[in-house]
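Visitor: Starting off with a structure, shown below.
The values are calculated or read from the model by the stated rules, or taken from the named source; none is laboratory data. Here the structure is a predicted model, which means the values were calculated and not measured. Glycine also receives a Cβ, built like all others from the backbone with ideal geometry; neighbour counts cover every protein chain displayed. The accessibility values were calculated without ligands, DNA or RNA, using every heavy atom of the protein model including side chains. Shrake-Rupley method; radii C 1.70, N 1.55, O 1.52, S 1.80 Å.
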Amino acid sequence: MKKIVIISFLIMLFSCNTEEKKYYNEFKKYMKTIHQIDLKNYDGYIYAIHLQGCTDCIYRSYKLLNSIPSSCKSLCKVLMVGKCTEVDSSLIRNLKKQYNTIEDNMQQIFRYQTNFAYPIFVKIENGKCVRYQEVTFDDYSEIEKYFNNAYEK
Amino acid sequence: MSHYASNAIGDSNPLYIIKYNSMKFIIYFLIVFIVISCQNNPQFTQQCVKGQTIRIPVPKGKFSYYHTIALYKDSLFLGVNLQKKNTIDIYDIRNQCYCYSINVKSQYLFDRITGIQVRTMDSIYFCQGSPCCIFLINSKGDVLKTWTKEKLKITHPYYEQLRNITLNFSTFLAMHTPILCKNNMYIPFDPSQKYKTGINIERVGSYNLVKSRWNNFFANTKDLEIDIINKSLPFDLEQPYLCQKDSMLIITYPLDMTIYCYNGNSGELIYKKKYSSPYVKKLPKPVKHNKLDNCQKTWNFRVETPFFGPLFYHSEIDKFTRIYHHPQPLINSKGNINDGQERTSSIQIFDAEFNLIGESLFFNGTVGVNSYLPMKDGLLIGKQYSSEVDSILNYSEIIKIDTLIHY
């Protein structure tokens, strides 16, 4: 009984907090409805970028995704929301060569309360959300370290 | 009255009680009626009527919706879409056709073309929001002059608070356009949220394009009826709109009923006018900073809140208009976050003294957010953008201001 309580406590501690959970539930609904991807069966990462959002976010995300070890890239889907500009098209083409990408040209993600505006980083283990994080300006190096640690393991 | 008064307290005759209570009710009703009658009920004399519908096919590679829009001499529509942020597409709305595009190349142009102001088609000014910059181009896209952030640095000795800020122009927001007036440009800017620190700070500047220096500054945050210093609104709902008539610079805000009139030369606040409308019941007030601490909360606020578009001046009829987007529920009838397709908006009409003289309603997203431009005697409007309709230019209805006939 003690073990069950401790394990439950650890799962609660390391899973998304209440607000993140609410946004993740909407994100799950969006992925299933719009992209027919059931995250209950998913194990890996998802990184969502708004191609019509802030220019700095696009370039930093591109730099981050380029720097991730190849073994982690194969575990990560990149969700591209909106249509890229002329200027960014070569960067996006390059990302598409490296990653399994999902496209949302009509920006349907905004119909759901997913807290998406800045890029979103999601880690799912055996169908359970472990991390659901908006990636603001200070977070890129932390996410890069996170991926590098995962690679070293 | 005295007859009833003489049959006063203590008289238990039922007939008397009924008559006394009836009299009380009549007096009460009269008081309420007089109070209501004395309310400032606007007597509307103007209305918006539908003018021409224009239908312009959009060529391949061009767009139905544009993020930066402008209208020149009520006939040439200029638009810039995010996907081609250095290109101005031009349409002739009188002859209902696409004309040509202007592609601008400049080492200083990193972001979308915004805040287009046309002097002539060979003298087009526009801004870059960040880093702040003003450009002058001709009809071929040749850059004739650039005012970079170095030339735009504020060194005016009187405005010490503005001297140490990073200046970003609010022009990247579609309706927060600058105004070209002879050799000067009035520009709205966001001084890096510095006004949140409680310092009284100006939000609009007048820039001399010939001398390449700032003349004056306007719209101090202390002038506002709403508190955006100690409280917050989403960033875009705190930015000033500009309008000009003669020597007056008129400033309004998305969540403030009040119209602020400044002397366009001295920067002095001449007067402010608050008015009432039968359709504007209550505008949300700014909230505590932590209420909008993530993107989703901010977006939800934006979806639900009613707000104003800019004030427009129509020179041919000496009247003003202002668009009011009514509140809407967060979730629409399809169960998704509301995208404004079902939203009601009204076009308010004012006389030269800013008295409200008309207000016409438009339903189901007919007047789209950020999708209208002033004409000399009306407006060019577009629907709330739906990406499903890409083959026709979205800005397709001409609205005229006309006399309201009471029957």
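Visitor: Only one residue in B:Lys297, B:Lys282, B:Lys196 is closer than 30 Å to A:Tyr112 by Cα and crowded, with 16+ Cβ neighbours inside 10 Å. Which one?
Guide: The match here is B:Lys297.
Visitor: Separate question: Does B:Asn164 satisfy being free of Cβ contacts under 8 Å to residues at least 12 places away in the same chain and polar (S, T, N, Q)?
Guide: Yes.
Visitor: Select from segment B:291-337 the residues that are away from chain A (no Cβ under 13 Å) and within 26 Å of A:Phe27 (Cβ to Cβ) and list them in ascending order.
Guide: Selection gives B:Lys291, B:Thr305, B:Gln328, B:Pro329.
Visitor: Now, a different point. Only one of B:Ile229, B:Ile259 is touching a strand residue (DSSP E or B) at 6+ places or on another chain (Cβ under 9 Å) and more than 14 Å from chain A (Cβ to nearest Cβ). Can you tell me which?
Guide: Only one candidate passes the filter, namely B:Ile259.
Visitor: Let me ask something else. Scan (1) buried (at least 20 other Cβ atoms within 10 Å of the Cβ); (2) over 24 Å from B:Gly61 (Cα atoms) for the single condition B:Lys153 breaks and write down its number.
Guide: Against the list (1) buried (at least 20 other Cβ atoms within 10 Å of the Cβ); (2) over 24 Å from B:Gly61 (Cα atoms), B:Lys153 comes up short only on (1).
Visitor: Among the numbered criteria (1) within 14 Å of chain A (Cβ to nearest Cβ); (2) open to solvent by 10 Å² or more (accessible area, probe 1.4 Å), which single criterion is violated by B:Leu373?
Guide: For B:Leu373, the failing item is (1).
Visitor: Related question: Of a type in the set (A, V, I, L, M, F, W, C) and either at pLDDT below 90 or open to solvent by less than 20 Å² (accessible area, probe 1.4 Å) (or both): is that true of B:Leu233 in this structure?
Guide: In short, yes.
Visitor: In segment B:348-365, which residues are open to solvent by less than 50 Å² (accessible area, probe 1.4 Å) and under 30 Å from A:Tyr112 (Cα atoms)?
Guide: B:Phe362, B:Gly365
Visitor: I've got another one for you. Got a sec? Which of A:Asn17, A:Asn41 is surrounded by fewer than 14 Cβ atoms within 10 Å (Cβ to Cβ) and modelled with pLDDT under 85?
Guide: Just one listed residue meets the conditions, A:Asn17.
Visitor: Hey, could you check segment B:93-103 for residues that are within 28 Å of the chain's Cα centre (by Cα) and assigned to a loop (DSSP other than H, G, I, E, B) and say which is farthest from B:Phe63 (Cα to Cα)?
Guide: By that ranking, first place goes to B:Arg94.
Visitor: Let me ask something else about it. Based on what the data block shows, is B:Ser277 open to solvent by 20 Å² or more (accessible area, probe 1.4 Å) and either touching a residue at least 60 places away in the same chain (Cβ under 8 Å) or among the aliphatic types (A, V, I, L, M) (or both)?
Guide: no
Visitor: Turning to a different aspect of this structure: Here are B:Asp142, B:Asp122: which of them is exposed (fewer than 14 other Cβ atoms within 10 Å of the Cβ) and under 29 Å from B:Ile381 (Cβ atoms)?
Guide: Answer to the selection: B:Asp122.
Visitor: How about segment A:122-140: which of its residues are buried (at least 20 other Cβ atoms within 10 Å of the Cβ), within 14 Å of chain B (Cβ to nearest Cβ) and outside any loop (DSSP other than H, G, I, E, B)?
Guide: Of everything in segment A:122-140, just one residue is buried (at least 20 other Cβ atoms within 10 Å of the Cβ), within 14 Å of chain B (Cβ to nearest Cβ) and outside any loop (DSSP other than H, G, I, E, B), namely A:Tyr132.
Visitor: For segment B:94-119, which residues satisfy the criterion of being without any contact (Cβ under 8 Å) to a residue 40 or more places away in the chain and open to solvent by less than 30 Å² (accessible area, probe 1.4 Å)?
Guide: Answer for segment B:94-119, where residues must be without any contact (Cβ under 8 Å) to a residue 40 or more places away in the chain and open to solvent by less than 30 Å² (accessible area, probe 1.4 Å): B:Ile102, B:Val104, B:Leu109.
Visitor: Within segment B:380-388, identify whether any single residue is open to solvent by 10 Å² or more (accessible area, probe 1.4 Å), away from chain A (no Cβ under 14 Å) and over 30 Å from A:Arg111 (Cα atoms), and answer yes or no.
Guide: No, the conditions are met nowhere in segment B:380-388.
Visitor: Now for a separate question. Let me spell it out: the conditions are (1) at pLDDT below 95; (2) closer than 26 Å to B:Asn216 by Cβ, and B:Tyr260 meets all of them except one. Which number is the exception?
Guide: Result: B:Tyr260 passes all but (1).
Visitor: Just need a number here: residues in segment B:261-274 that are open to solvent by less than 60 Å² (accessible area, probe 1.4 Å) and assigned to a strand (DSSP E or B).
Guide: Here the count works out to 5.
Visitor: Identify all residues within segment B:49-90 that are closer than 23 Å to B:Ile349 by Cβ and either within 14 Å of chain A (Cβ to nearest Cβ) or among the β-branched types (Val, Ile, Thr) (or both); write none if there are none.
Guide: B:Val49, B:Thr53, B:Ile54, B:Ile69 - these are the residues of segment B:49-90 that are closer than 23 Å to B:Ile349 by Cβ and either within 14 Å of chain A (Cβ to nearest Cβ) or among the β-branched types (Val, Ile, Thr) (or both).
Visitor: Return the total of residues in segment B:222-260 being of a type in the set (Ser, Thr, Tyr) and in a loop (DSSP other than H, G, I, E, B).
Guide: 1
Visitor: If you don't mind, another one. Go through B:Ile154, B:Ile102, B:Ile93, B:Ile137 for me and flag whichever is more than 14 Å from chain A (Cβ to nearest Cβ), at pLDDT 95 or above and in contact with a Gly (Cβ under 9 Å, 6 or more places away or on another chain).
Guide: None of the others qualify; the one that does is B:Ile102.
Visitor: Has segment B:125-132 got any residue that is polar (S, T, N, Q), within 14 Å of chain A (Cβ to nearest Cβ) and crowded, with 22+ Cβ neighbours inside 10 Å?
Guide: yes
Visitor: Going by the structure shown, is B:Asp74 in contact (Cβ under 8 Å) with a residue 60 or more places away in the chain, touching a helix residue (DSSP H, G or I) at 6+ places or on another chain (Cβ under 9 Å) and surrounded by fewer than 20 Cβ atoms within 10 Å (Cβ to Cβ)?
Guide: So B:Asp74 fails the test.
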